Every structure is written in structure tokens, then in C-alpha cells.
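First the structure, in the form of C-alpha cells, and then the observations on it.
The values are calculated or read from the model by the stated rules, or taken from the named source; none is laboratory data. Bear in mind the structure is a predicted one, so any value in this text is a computation, not a measurement. Using ideal geometry, Cβ is built from the backbone for each residue, glycine included, and neighbour counts are taken over all protein chains shown.
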Amino acid sequence: MIEQKPDIVSSLQAEGVYLKQRGRSFWGLCPFHSEKTASLKVDNDRQTFYCFGCGAHGDVIDFQMRRHSIDFNEALSYLGLTPSSLDAGARQRIEREKRKRQAIAAFRAWCADEYNELADLYRKLQQAKTFCKSWADVERIAVFYHDESIWQLHMEILTGRDDQAKFGLYQVTRNAA
């Protein structure tokens with residue numbers, strides 16, 4: 001990956017993360033969320049970390065990016081590395097990770113936009129219901145009554161924790177368009 005990449009255990013300890021060795025791994029309190037029991041596992045052999053509490057994971061560069069809210073190049077600079085010290089495999093991994101982060105950001109933006117659009121439609125239907133004075137008014141908005149339950153379901157999916165369901169909704173709406 002990176003020829004002169006610093007040791008992850010030393011780097012985390014230099015950042016104030018107290019690590020205790022248990023077997024081949026090191027454990028400590030995750031600096032990315034508050035906790036009382038160690039959930040951060042550092043694998044010295046693989047030079048990676050994983051938090052079982054918040055899901056943060058990666059290598060020493062990922063740690064610095066997250067810890068200091070900096071981008072990849074700033075993390076390299078922080079660690080005293082240069083992009084030229086990256087081998088071809090590392091560059092490919094970085095590009096894949098970059099595309100992955102962009103896709104996730106675009107998906108999250110779609111979820112927020114879709115929810116806002118549905119909430120706006122739902123709100124307008126509720127307002128239209130309050131202005132119904134006759135059967136003609138009711139018949140005029142009746143076509144939306146069926147859509148109302150679908151909008152509610154979609155809003156529940158979009159505010160839920162199930163990313164698979166959100167992605168399924170994304171695929172269905174993209175295929176319908």
C-alpha cells in the first residue's frame with residue numbers, strides 16, 4: 001500500500017488513544033464516540049482498526065481523516081507521507097473508496113430529497129382535505145387517497161435504519177421513472 005506508512009498502534013497512541021494488548025490485538029476506547037467499555041480493536045498484523053460501537057474502521061490514514069476531519073491528502077501530509085509513496089494497488093483502493101464515498105453521499109442526498117418531496121405532497125393533501133366542502137371536492141382529490149398510504153410507507157422507510165429497504169425503494173423509483 002504505502003511504503004513508509006506509520007505503525008497504526010503507535011499512531012493511535014500518539015493521538016492519545018490508550019490501547020491494551022489482548023492476544024494479537026489491541027483494544028481501547030473509541031475516540032469517535034463516548035463509551036465506558038473498550039470497543040475499538042486494532043489489528044497490528046493487518047494495520048487496521050475497527051470499532052464495534054460505531055462501526056468506524058480502516059487503516060492509519062482513515063483514522064487520521066476521521067479523527068481530524070481532513071481529506072486524504074491532508075491525512076498523508078499529517079502523517080508525513082506523500083502521494084508518490086503510494087503503490088498502484090493503494091491508488092486503486094483509494095479511487096474505489098472515493099467513488100464509494102461519492103455514491104453513498106449521492107444516495108443519502110437522494111433519500112433526503114425523496115423524503116422532503118413526499119412530505120411536501122403529504123402535507124398538501126392534508127391541507128386539501130381540510131378544504132373539502134362537497135362531494136365534488138372529495139372526488140377531485142380522491143385519486144390521491146391511494147397514494148397517501150404509499151407516501152406514508154415510503155417516508156417510514158426513508159426515516160428508518162434499514163439501508164437495504166431504502167436502496168430497494170431507490171431501485172423501484174429509478175426503474176419506474
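The single condition among (1) polar (S, T, N, Q); (2) over 30 Å from Leu169 (Cβ atoms); (3) over 25 Å from the mean Cα position of the chain (by Cα) that Gln126 does not satisfy is (2). Scanning region 1-45 for residues that are out of contact with any Ser or Thr (no Cβ under 8 Å at 6 or more places or on another chain) and among the acidic types (Asp, Glu) gives Asp7, Glu15, Glu35, Asp45. Looking across region 89-135 at every residue that is over 21 Å from His154 (Cβ atoms) and in contact (Cβ under 8 Å) with a residue 60 or more places away in the chain, the one that is surrounded by the most Cβ atoms within 10 Å (Cβ to Cβ) is identified as Ala90. In region 1-49, of all residues being of a type in the set (Asp, Glu) and modelled with pLDDT under 90, the one that is nearest to Leu81 (Cα to Cα) corresponds to Glu3. Of everything listed in (1) of a type outside the set (Gly, Ala, Ser); (2) at pLDDT 85 or above; (3) out of contact with any Cys (no Cβ under 9 Å at 6 or more places or on another chain), the single unmet condition for Val138 is (3). From the residues in region 131-177 that are aromatic (Phe, Trp, Tyr) and in a helix (DSSP H, G or I), which one is farthest from the chain's Cα centre (by Cα)? Residue satisfying both the conditions and the ranking: Trp135.
Within region 18-52, being outside any loop (DSSP other than H, G, I, E, B) and either of a type in the set (A, V, I, L, M) or outside the structural domain of Glu74 (by TED's automatic domain parsing) (or both) holds for Leu19, Leu40, Val42. Considering only residues in region 23-51 that are out of contact with any strand residue (DSSP E or B) (no Cβ under 7 Å at 6 or more places or on another chain) and closer than 24 Å to Arg93 by Cα, the one that is surrounded by the fewest Cβ atoms within 10 Å (Cβ to Cβ) turns out to be Asp45.
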